[in-house]
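Only the coordinates and a few stated rules stand behind these numbers; no lab work does. Computed from a prediction, not measured in an experiment: that's the story for all the values here. Neighbour counts run over all protein chains shown; Cβ positions are idealised from the backbone, glycine included.
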Amino acid sequence: MTDTKIKCDGTPAGHGRCMMSRRRFMLYSSTAAAAASTISLSLLPGSAQAATQKARVIGYPRKLIAKVSQLKNNKPLDFNYPDDHVSAMCMLVKMGGVQAGGGVGKKEDIVAYSYLCTHQGGPMHNTYKVTDEHRTLGPCPLHLSLYDLRRHGIIVSGQAYESLPQVLLEVDGDDIYAVGMLGLIFGRNKNLMDTQEA
Ligand code: FES
């Protein structure tokens with residue numbers, strides 16, 4: 001895995017090095033948090049109440065979900081992420097060479113998304129569709145929302161007003177791992193249901 005280093009030294013030159021894309025931030029924060037489960041925090045430095053507290057940080061799991069070699073073009077595979085709850089139903093698909101935002105693989109055409117519509121949680125299994133260069137999930141069986149899988153799951157049409165949560169992927173050799181999520185899974189107030197501060 002890539003060793004991600006971020007330098008921010010407070011100088012004007014250093015300022016630019018603090019910048020990173022949202023996707024890169026999500027990747028960094030999820031994997032780094034999973035790797036370092038305990039950190040020290042200095043609270044109220046310089047004051048009489050100054051203290052160092054231990055805080056437990058829990059990140060997204062890194063879960064093996066498929067092999068690149070087993071994927072067939074435009075044939076979705078089902079999996080659960082980030083846990084096994086019924087609301088964690090997701091799909092992985094290789095979109096036949098059509099490059100996508102957040103796509104992995106040689107052609108950046110492998111993506112993964114939650115199956116649950118962001119409007120009222122309509123299940124969108126078996127709604128993946130190829131139309132010319134377009135790759136969509138939907139229409140949702142409840143109120144017909146349609147999502148664009150090439151562009152981070154943004155809404156094409158319908159009642160929903162939030163993008164479909166996208167599963168962040170990494171490829172290591174032939175293995176495809178889920179490592180995080182962009183967006184909130186329908187019905188949850190946080191994606192990681194079991195996380196607690198120690
Ligand atoms: S639940 Fe999907 S559009 Fe309403």
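Key figures for this structure:
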quantity: Residue order, fewest to most beta carbons within 10 Å, for S145, S163; calculated: S163, S145
quantity: Distance violations [Cα-Cα > 19 Å] among K75/K129; K94/K129; K63/K107; K67/K106; calculated: K63/K107
quantity: Estimated FRET transfer efficiency when R0 is 35 angstrom, pair K107-N80 (beta carbons, to 0.05); calculated: 0.85
quantity: 9 Å beta-carbon shell around G97, net charge (K/R +1, D/E -1); calculated: +1
quantity: Cα-based Kirkwood hydrodynamic radius, segment 63-182, one decimal, Å; calculated: 14.0
quantity: Net charge contributed by nearby residues that have their C-beta within less than 15 Å of F186 (K/R +1, D/E -1); calculated: 0
quantity: Charge dipole (debye, nearest 20) of segment 131-198; +1 at Cβ of Lys and Arg, -1 at Cβ of Asp and Glu; calculated: 400
quantity: Net +/- balance of residues flanking G121 in space, Cβ distance below 14 Å, scoring K and R +1, D and E -1; calculated: 0
